[in-house]
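Working notes, structure below.
Every number in this text was worked out from the coordinates using simple rules, so none of it is lab data. The structure presented is a predicted model; accordingly, all values stated were derived computationally and were not measured. Every residue, glycine among them, receives a Cβ derived from its backbone with ideal geometry; neighbour counts consider all protein chains shown.
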Amino acid sequence: MSSDEFVPDRERAAASDANVPVIDIAPFSAGGSGKHRVVEAIARACEDVGFFGIVGHGVDDALIGGIYREGRAFFALPREEKMEVGRPAPGVSRGYNSLSDQSLGNTLASGVPPDLQESFAIGPLDPGNGPHWTAGYGPIHFHPNLWPRRPAVFRAAVTAYWQTMEALAGRLARTFALALELPEDFFADKIDRHVSTMRLNFYPAQRVAPLPGQIRAGAHSDYGGFTILRTEDAPGGLQVVRRGGSWVDVPNIPNGFVVNIGDMLMRWTNDRWVSTVHRVVNPPESVRADTTRMSVAFFQVPNYDVEVRCLESCTGPGNPPRYAPTTAGAHWRAKILAARGQRPAPATEPQAAAVA
């Protein structure tokens, strides 16, 4: 089945016909009625489409410029040099992933061609030393980051961007809690040892015609709590699926980010919020041979041992829980291996898992 033929088998996986709204989140920090309006707007977006743009986030333009400059310089290196920091194992999201190394579409379907992208991933910068970090699944989720020899300031640029996204994710988690009519700090103890991943995605020019159904990133939903994505205005971009299976472009937001709900928030909310299926398409054939694109995604993933169970406020008579309880780590590991055509060994936290 090609990505163009993909139709979700669950209504929840499709966005409504609503457009992707852009929300100024600056008033949230000011409190008062402005804070309430931000929370209301986010609640509507999470229920209607599962995607929204944010401005008023306070992220410095120089920080964004730095990671794009250094990221493009890294991806321009010879493949052999990039492979010096190649992904160490299928279940470990660190380091460089070469072109066509994974198929995101295989997390929802089967037989989907590999994605026409390269990527570089990092995880938490300062893990601890206790059993949570070093035993059981800790070595997978807190695997040491891999850093290339060059560009010289690549590590500094990526580290600074991670730290800023980590802080922004913490602010967004507070808005999500209030949007669900929960205490503002509800998610605080669920993300205080988060196992988030940040990935630089590079979509090279396509000088060889793609295989049938092969695109830059196959149709998938994100695995974690939510994603903060920085895109650029270039052909061949992000699309979300609507009910019925049609696709709509997600516009690039100047000076902004795209935020989307992931599987774990969808499970917590019993489908009240939407983890919308999305993909990255190829550029038009007329510019395919000389068009590149880069994005940076911060995938907020809660603490790996946190139980993801339907919130009491999201179930009731006639609305039973739709998903069995799981842990954030178990769900993430299953998805990350599925993208590489593998299945995790049956296990529960905190047993050890095979890394290779």
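A few notes on this one:
- Debye, to nearest 20: dipole size of the chain, +1 on Lys, Arg Cβ, -1 on Asp, Glu Cβ: 580
- The range 35-83 has equivalent-ellipsoid semi-axes of 36, 16, 6 Å, by the square roots of 5 times the alpha carbon gyration tensor eigenvalues, sorted largest first.
- Whole-number percent relative contact order across the chain, with pairs defined as alpha carbons under 8 Å at least 6 apart: 24
- Its DSSP H runs of at least 4 residues, each contributing -39,500 (n - 2.57), put the calculated 222 nm mean residue ellipticity of the chain at -7500 deg cm²/dmol, to the nearest 500.
- Reach of Lys335 by Cα under 28 Å, taken over lysines that are not fewer than 8 positions away in the same chain: Lys82, Lys190
- When the Cα convex hull of the chain is projected onto planes of every orientation, the mean area is 17.5 nm².
- Along principal axes, Cα extents of the range 199-255, largest first, whole Å: 35, 31, 21
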